[in-house]
Amino acid sequence: MNNLFRGFSAVFYKESLHIRRDFSTLFFSLIIPILQMFLLGFAIDTNIRQINTVIYNADGRRESRELLDRLKNSDTFHLIRYVNNDRDLNDAIISGRCRVGVKIPVDYSDRLLHQTGAQVLVLIDGSDSSVAGQAINVTTAIGLDESLRRVLANSDATFPVEMRPKILFNPDSRSPNFFLPGLVAVLLLNVTTFLTAFSIVREKERGTLEQLFVTPVRPMGLLLGKLLPYLVIGFFELSMLLVAMRFLFGVPIHGSVILLAFLSLPYLFVSLSLGILISSKATSQANAMQLAFITILPSIFFSGYIFPRETMPKFFYYLSYFVPAAYYINITRGIILRGASWIHLWSDALVLFLMGAALLIIAARRFHNKIIMA
Amino acid sequence: MISSTQPSISAQHLVRRFGNVTAVNDVSFRVEKGEIFGFLGPNGSGKTTVIKMLTGLLPLSGGHAEVEGFDVSKDAEAVRENIGYMSQNFSLYTDLTVAENLTFYGRIYGLSNDHLRKRMDDIVQLNGLGPYVNRLASQLSGGWKQRLALGCAMLHEPKLVFLDEPTAGIDPVARRQLWDLLFELSGHGITFFVTTHYMDEAERCSHVGYIYFGQLIADGTPDTLRELPDVQPAGTLRIEITTPHVTRALRLARQIPGVRNATIYGQSIHALVDEHYDLNGLRDELLKRNIVVAEIRPLAPSLEDVFVELTSKRQAQQEASRE
């Protein structure tokens with residue numbers, strides 16, 4: 001009995017009772033991530049479509065109307081306003097009602113006919129960079145395409161080079177396919193980091209932790225006894241999220257579900273250990289809540305969940321190597337979208353496991369030293 | 001220290017510093033087996049720190065302590081196997097039932113299922129918890145919570161139990177019952193280390209220590225403490241003056257030559273006077289000042305007197321050494 005994990009089974013027994021007694025907390029921490037997935041899954045479309053656009057067509061002849069039709073048919077622009085002067089064009093963008101303004105000059109058709117090079121002014125609101133980027137790309141492409149067709153119209157030549165992009169894994173660029181596997185990683189933090197942090201801080205507040213330290217229970221026994229029940233809950237939550245993703249949003253899982261479940265364990269382990277580490281620092285539940293929130297933002301922004309890690313400044317790119325969600329998102333997207341197997345993902349899982357072990361050991365040492373001294 | 005029987009606690013020159021602050025300064029004492037050791041002192045004087053040092057929760061900055069024969073610095077785990085501890089606010093899991101709390105602590109100490117069941121029966125019977133076994137701890141009153149906490153601390157049959165202010169905030173009946181229980185258990189050879197603020201509880205202890213700003217300034221049975229020369233200086237007499245006008249009487253009594261020290265206790269005044277002081281003369285002196293005295297009689301010092309005397313002596317010494 002005199003081992004490193006002494007007290008493990010007793011703590012596990014007690015913690016399971018706590019969870020059963022406080023059923024409403026458990027229920028809400030399980031149901032809220034599902035609701036969030038439901039809302040975010042339907043609401044967020046990462047493809048930029050139907051940008052509100054204002055048109056000032058000073059020309060008005062057939063050529064200019066054809067150009068507008070092409071803009072309309074691209075699905076990128078939604079032509080909602082037509083104005084007759086520059087001031088109204090500007091106002092529509094400054095007021096935020098439109099993000100793109102297109103001005104076709106009076107001499108557009110004439111210049112086309114005389115082949116002297118027609119110009120079209122495109123004003124783009126840069127306050128949202130992804131919208132601006134999309135608007136530049138699409139208008140440039142339409143302009144280029146239009147030019148080439150006019151140049152080639154009078155000859156028999158074909159396009160010398162033609163790019164044929166083929167999107168693997170998510171051919172329709174469906175947002176849920178891209179978005180939900182990453183969201184799973186973020187939502188799991190709710191039942192892992194938060195619940196474990198609270199469960200230990202609650203004992204600090206009640207004074208029961210001090211009582212426990214006068215018993216022969218060992219820090220590792222205590223922490224693992226606390227961690228394991230929440231691992232079970234986290235795993236259950238993961239299953240619910242995956243079921244919702246697969247059947248509610250129709251995101252197909254191309255790889256092995258068993259492998260996904262197995263490789264999720266190290267991530268759950270890291271998140272739980274992080275909760276325990278937080279609890280060794282926090283003095284109250286409100287305090288623990290604040291610290292736990294600190295972990296959420298990096299998991300969203302530095303994990304590649306929304307913004308690709310590769311485009312970050314060097315410092316943040318290297319920082320993102322310390323964000324567990326970055327590895328797990330690679331695992332979920334890998335298995336769900338790319339059909340990746342063990343060979344592709346074992347290193348991510350190993351890193352997660354090592355992170356978890358390191359955090360847990362640090363937490364155990366802190367419990368051994370700090371709390372006792374307090 | 002050489003003794004025929006091994007003490008339950010042997011503390012020698014304990015020191016504990018927090019940064020620049022010395023919270024416990026050269027504290028030495030012995031608690032024999034089966035004693036009820038009352039550990040008293042003002043708030044912040046180092047009582048809880050000493051308990052934490054003896055239970056292996058706080059490393060010693062200096063000195064040496066053995067608890068039940070184990071060195072607290074080297075063998076904290078063996079110490080914890082052999083002691084029980086009940087913290088200030090009866091740290092129970094309030095969302096667990098009485099039986100579940102007991103089961104949890106039993107498993108922590110690694111009791112086998114059969115042994116645990118037997119010990120739980122014993123504890124439930126001894127502490128009278130029978131009717132409440134399946135009740136949540138949060139639904140128990142203060143007194144019952146305290147009994148359950150004591151039960152949890154004693155489940156593994158410790159030889160020594162630390163009780164940190166066990167009676168703070170519970171009603172007088174429960175307080176009395178707890179002490180009855182402690183006497184019964186100490187009759188079975190269990191040692192208790194009890195901190196308290198209540199002087200009547202201190203009087204019940206078989207051995208009392210008083211800690212004042214990190215220093216142990218009294219250590220002995222209540223009777224030996226009462227006879228200390230610092231408390232009862234040679235040539236003095238402690239008297240009790242009963243009068244309806246205590247506050248006025250106190251002010252005036254202090255002006256009478258020969259009265260060394262006077263304090264109010266309820267409807268009376270405790271005063272220290274010269275041994276051969278004529279008590280009838282005192283009565284006349286007071287009457288001259290319009291104070292009617294019901295009774296004047298000699299009095300043995302209470303423990304409170306003892307601690308007040310020792311504290312003021314210590315303060316005077318400290319001031320003198322500073323000059």
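Within the range B:186-212, the residues that satisfy the criterion of being hydrophobic (A, V, I, L, M, F, W, C) and crowded, with 18+ Cβ neighbours inside 10 Å are B:ILE190, B:PHE192, B:PHE193, B:VAL194, B:ALA202, B:CYS205, B:VAL208, B:ILE211.
Candidates are the residues of the range A:10-35 that are among the hydrophobic types (A, V, I, L, M, F, W, C) and out of contact with any helix residue (DSSP H, G or I) (no Cβ under 7 Å at 6 or more places or on another chain); the one that is farthest from the other protein chains (Cβ to nearest Cβ) is A:LEU35.
The condition of being part of a helix (DSSP H, G or I), in contact with a Ser or Thr (Cβ under 9 Å, 6 or more places away or on another chain), free of Cβ contacts under 8 Å to residues at least 40 places away in the same chain and not assigned by TED's automatic domain parsing to the domain that holds A:PHE178 holds for A:ASN137. Within the range B:151-173, the set of residues being crowded, with 17+ Cβ neighbours inside 10 Å and under 15 Å from B:TYR198 (Cβ atoms) comprises B:LEU163, B:ASP164, B:GLU165, B:PRO166, B:THR167, B:ILE170. Residues that are within 8 Å of another protein chain (Cβ to nearest Cβ) and under 20 Å from A:ALA288 (Cα atoms) within the range A:210-230 comprise just one, A:GLU210. Of the residues making up the range B:77-135, those that are of a type outside the set (Asp, Glu), farther than 30 Å from B:GLU66 by Cβ and free of Cβ contacts under 8 Å to residues at least 24 places away in the same chain number 8.
In the range A:106-128 there is at least one residue that is under 30 Å from the mean Cα position of the chain (by Cα), assigned by TED's automatic domain parsing to the domain that holds A:PHE77 and at pLDDT below 85. A:ILE331: within 15 Å of the chain's Cα centre (by Cα), within 22 Å of A:LEU242 (Cα to Cα), in the same structural domain as A:SER239 (by TED's automatic domain parsing) and surrounded by fewer than 16 Cβ atoms within 10 Å (Cβ to Cβ), yes or no? Criteria not met by A:ILE331.
Filtering the range A:1-60 to residues that are under 30 Å from A:ARG99 (Cβ atoms) and part of a helix (DSSP H, G or I) leaves A:GLN36, A:MET37, A:PHE38, A:LEU39, A:LEU40, A:GLY41, A:PHE42, A:ALA43.
Report whether or not B:GLY128 is assigned to a loop (DSSP other than H, G, I, E, B), away from chain A (no Cβ under 13 Å) and surrounded by fewer than 19 Cβ atoms within 10 Å (Cβ to Cβ). For B:GLY128, the condition - assigned to a loop (DSSP other than H, G, I, E, B), away from chain A (no Cβ under 13 Å) and surrounded by fewer than 19 Cβ atoms within 10 Å (Cβ to Cβ) - is met. Being more than 30 Å from B:MET86 (Cβ to Cβ) and in a helix (DSSP H, G or I) is the requirement here; does A:THR196 meet it? No.
Checked against (1) over 30 Å from B:ILE51 (Cα atoms); (2) within 14 Å of chain B (Cβ to nearest Cβ); (3) of a type in the set (Val, Ile, Thr), A:ILE233 passes all but a single condition, namely (2).
Results for (1) of a type in the set (A, V, I, L, M); (2) away from chain A (no Cβ under 13 Å); (3) assigned to a helix (DSSP H, G or I), shown as yes or no for each residue.
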{"position": "B:MET120", "(1), (2), (3)": "yes, yes, yes"}
{"position": "B:GLY143", "(1), (2), (3)": "no, yes, yes"}
{"position": "B:ALA149", "(1), (2), (3)": "yes, no, yes"}
{"position": "B:HIS156", "(1), (2), (3)": "no, no, no"}
{"position": "B:PHE162", "(1), (2), (3)": "no, no, no"}
{"position": "B:PRO166", "(1), (2), (3)": "no, yes, no"}
{"position": "B:ILE170", "(1), (2), (3)": "yes, yes, no"}
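If I ask for residues that are in contact with a Gly (Cβ under 9 Å, 6 or more places away or on another chain) and not in a loop (DSSP other than H, G, I, E, B), which ones from the range B:84-102 would you list?
Once the filter is applied, which keeps residues that are in contact with a Gly (Cβ under 9 Å, 6 or more places away or on another chain) and not in a loop (DSSP other than H, G, I, E, B), the range B:84-102 yields B:VAL98, B:ASN101, B:LEU102.
Does A:SER299 qualify as being crowded, with 20+ Cβ neighbours inside 10 Å and of a type outside the set (D, E, K, R)? Criteria met by A:SER299.
Scoring A:GLU205 on the criteria (1) more than 14 Å from every other protein chain (Cβ to nearest Cβ); (2) surrounded by fewer than 20 Cβ atoms within 10 Å (Cβ to Cβ); (3) part of a helix (DSSP H, G or I) leaves a single failure, condition (1).
The values are calculated or read from the model by the stated rules, or taken from the named source; none is laboratory data. All figures in this text were calculated on a predicted structure; none of them were measured in a lab. In this analysis, Cβ positions are derived from the backbone assuming ideal geometry, glycine residues included, and neighbour counts consider all displayed protein chains.
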